[in-house]
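Each remark here refers to the structure printed beneath this line.
The values are calculated or read from the model by the stated rules, or taken from the named source; none is laboratory data. The model shown is predicted, which means the values in this text are computed figures rather than measured ones. Positions of Cβ are generated from backbone atoms using ideal geometry, with glycine treated the same way; all protein chains shown enter the neighbour counts. These accessible areas exclude ligands, DNA and RNA; they are computed on the full protein's heavy atoms, side chains included. Shrake-Rupley method; radii C 1.70, N 1.55, O 1.52, S 1.80 Å.
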Amino acid sequence: MAISTNSIIHYTNNLDNLLQILKNGFSLKYCKEDFFWKEKRLKYAYPMICFCDIPLSEVKKHLDAYGHYGIGLKKDWAVKKGLNPVLYLEKQSSLSETLMQQIMRLHEDKKKSLKNPDATRIDEVWRQELITLCSYVKNYDGDLIIDGVEKNDYRFYDEREWRYVPTTEELKGNQRAILQDKYVIDKEKFNTEVGKIKLEFNIAEDISYIIVREDNDIHKALDFITHNFKKTLFASDIEILMTKIISTNQIINDF
């Protein structure tokens, strides 16, 4: 049995979210990420869209955490769009220490530049590269909080996460990293602005799965696809798309 799928799947918690993704593509959103190394903690929010490549036969735990609706896209699409698997780091590892030392160096250089701008200049290329690296890093395990519910000793590594993190150019002036304390104060504003940026896909060519929760959701998805895409897709494309709809009840019972 394969330990990963040939698709990456984005899960969400309701049918309306799924249908809007089908119609408009993925909207970017800032996600709060905590990274721990020994007694240190890095707390930022990064703009991203998250996926996983967990086989459907192993996905029940993930459904319960992230939602019973989803859209699967081919890995070829993911590669073309610049997505990458998350880099999972153990808190006590030498690689975690190396990363934190670089971050601490950046903070020290920033303090020095504020005191004496002429004497100290931050290498902007290095700074942007470090932000990019941090936006793809996650602890191997830790505490997961979803909708106010905390799960202790959760193994993030089991999520097999892939991320889309936009480049500076793609962000069109939005920030690449925001301190969490600053983000929570004006969360809606940050997400409204960055949400205007879309990650798009070809609905006829790139989709491998459309996942809904209940069998009766299948009919709602079929009606939505027929109504919204009959003018832009061939009838044969719509027919093929309809065969890709599956319920999580089927997944749990049959895989």
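Given the criterion open to solvent by less than 70 Å² (accessible area, probe 1.4 Å) and over 18 Å from the mean Cα position of the chain (by Cα), identify the matching residue among I54, I49, I71, I103.
On the way: I54 fails: over 18 Å from the mean Cα position of the chain (by Cα); I49 fails: over 18 Å from the mean Cα position of the chain (by Cα); I71 fails: over 18 Å from the mean Cα position of the chain (by Cα).
It is I103.
Checking the conditions here, which among A204, A221 is open to solvent by less than 70 Å² (accessible area, probe 1.4 Å), of a type in the set (A, V, I, L, M, F, W, C) and not in a helix (DSSP H, G or I)?
Details: A221 fails: not in a helix (DSSP H, G or I).
Going through A204, A221 in turn, the sole match is A204.
So if I check each of F51, F36, which one is outside any loop (DSSP other than H, G, I, E, B) and closer than 23 Å to I21 by Cα?
Sole residue among the options that is outside any loop (DSSP other than H, G, I, E, B) and closer than 23 Å to I21 by Cα: F51.
Here are some residues: D153, D158. Which one is of a type outside the set (S, T, N, Q), on the phi > 0 side of the Ramachandran plot and not in a loop (DSSP other than H, G, I, E, B)? Show your work before the answer.
Working: D158 fails: on the phi > 0 side of the Ramachandran plot.
The conditions single out D153.
Which members of the range 168-183 meet the condition of being without any contact (Cβ under 8 Å) to a residue 40 or more places away in the chain and either over 17 Å from the mean Cα position of the chain (by Cα) or surrounded by fewer than 14 Cβ atoms within 10 Å (Cβ to Cβ) (or both)?
If the condition is that a residue be without any contact (Cβ under 8 Å) to a residue 40 or more places away in the chain and either over 17 Å from the mean Cα position of the chain (by Cα) or surrounded by fewer than 14 Cβ atoms within 10 Å (Cβ to Cβ) (or both), then E169, K172, G173, K182 are the ones that fit.
Here are the criteria: (1) part of a strand (DSSP E or B); (2) over 22 Å from D206 (Cβ atoms). Tell me which single one I8 does not satisfy.
Here I8 meets the rest and fails (2).
Can you give me the number of residues within the range 75-100 that are open to solvent by less than 80 Å² (accessible area, probe 1.4 Å), over 30 Å from Y209 (Cα atoms), polar (S, T, N, Q) and outside any helix (DSSP H, G or I)?
Residues flagged as open to solvent by less than 80 Å² (accessible area, probe 1.4 Å), over 30 Å from Y209 (Cα atoms), polar (S, T, N, Q) and outside any helix (DSSP H, G or I) within the range 75-100 amount to 1.
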